[in-house]
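Working notes for the structure below.
Nothing in this text is a laboratory measurement; each read-out follows from the coordinates by a stated rule. Just so we're clear, the structure is a prediction, and the values are computed from it rather than from any experiment. Every residue, glycine as well, gets a Cβ built from its backbone with ideal geometry; the counts of neighbours run over all protein chains shown.
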């Protein structure tokens, strides 16, 4: 845990019993869905902040109720502190590179927080800071990480002895086009980082480090077809918080994607450090690759996508060896234009934000989703609110012979 600091508590703020002032940091595909969903909730006054005027205009157009927008450079600490000064609750939907510093500042300011930024750094050490500031913060509260963590956490409480957890997840275009047969539901740079970040798995009770894009297997999903799976660093906090001897997370893509990404990585196109060209120009290969891929990996408005996920937990239910499975196959909402990845990521964050705002979730500190899975009624409410929005998880239980 982090050492205690001597800074004074966060600013006190007057909060109307009828209104929660929410600031959403980031107005991209996911941030705009979160903002719109919260703005439609009773008692929520929502402001979206982003550096992009175009993104903010889309947020305003998408919201069924009026939201406020503000242009600001959230990488600037002074701007960030100013932005959240009057907030009761902050929701983070920024790029991963801004995740940890933003989290530290929001906690230091004494604001409740829900975050989906998929930051690469460990962050649970900030639990004591959040407790001292008397705030509730939940990180990684998207789809995976997020719902995957929540369901894994619930499974370890349901099963007397959970021996194995497996997470398979992927966001895909519904229509496949050469050469990528893939488009990104969030920033391409964050996707590419998944292909380079070392992977943690748990085998025999020990954390084992492996290379991303390895150990490919094929799986079939009804209505989708055959997909290939490969290792990515998606276990994250699960490797530290759950006592399960075997855990793994894999990403899913259409067959052939792994080989393309391996070749690009081998060429050095995912390197973050700058290289000098013969002309003397210095450039980050990852930044250049992301820039070139963005137009080709960006979904057009109302272009159909899908999110597929399967969570498997094995252990003892009573005295019976049992396999619990949750499956998700979700598609673009053709009425709103919300991509499936935006919906399945944004709605869980919005649900938890509402629970913090209405006092249903009162734990003080910073938590990963699996750490709140045992809160009374939380999973039932989550599943109901997701189903109300057309996101349906199918749960199954079967005895293992």
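The figures follow:
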item	result
Residue 303/residue 210 FRET efficiency (R0 25 Å; Cβ-Cβ; nearest 0.05)	0.15
Expected-Rg normalisation [2.2 N^0.38 Å, Cα atoms] applied to region 155-285	1.23
Relative contact order computed over region 226-364 (Cα-Cα under 8 Å; 6+ residues apart), in percent	13
Value of relative contact order over region 20-139, rounded to a whole percent, pairs C-alpha under 8 Å and six or more apart	23
Diffusion coefficient, µm² s⁻¹, Stokes-Einstein with Kirkwood Rh over alpha-carbon pairs of region 20-139 at 20 °C and 1.002 mPa s	152
Ratio Rg/Rh, restricted to region 104-144 and using Cα atoms, in which Rh is the Kirkwood radius	0.95
Mean residue ellipticity (222 nm) of the chain, computed from DSSP H runs ≥ 4 via -39,500 (n - 2.57), nearest 500	-9000 deg cm²/dmol
Mean separation of Cα contacts under 8 Å, 6 or more apart, over the residue count of the chain: relative contact order %	19
Separation of alpha-carbon centers, region 170-208 and region 22-59, rounded to whole Å	26
Mean-position separation - Cα centroids, region 283-357 and region 87-117, in angstrom	20
Ascending count of other beta-carbon atoms within 10 Å, so fewest first, for 316, 88	316, 88
Alpha-carbon Rg/Rh ratio, for region 262-329, with Rh computed the Kirkwood way	1.31
Whole-Å semi-axes of the ellipsoid equivalent to region 210-261 (Cα gyration tensor, √5λ, descending)	23, 14, 8
Whole-Å semi-axes of the ellipsoid equivalent to the chain (Cα gyration tensor, √5λ, descending)	30, 28, 22
For region 305-354, alpha-carbon Rg relative to the globular expectation (2.2 N^0.38 Å, N residues)	1.57
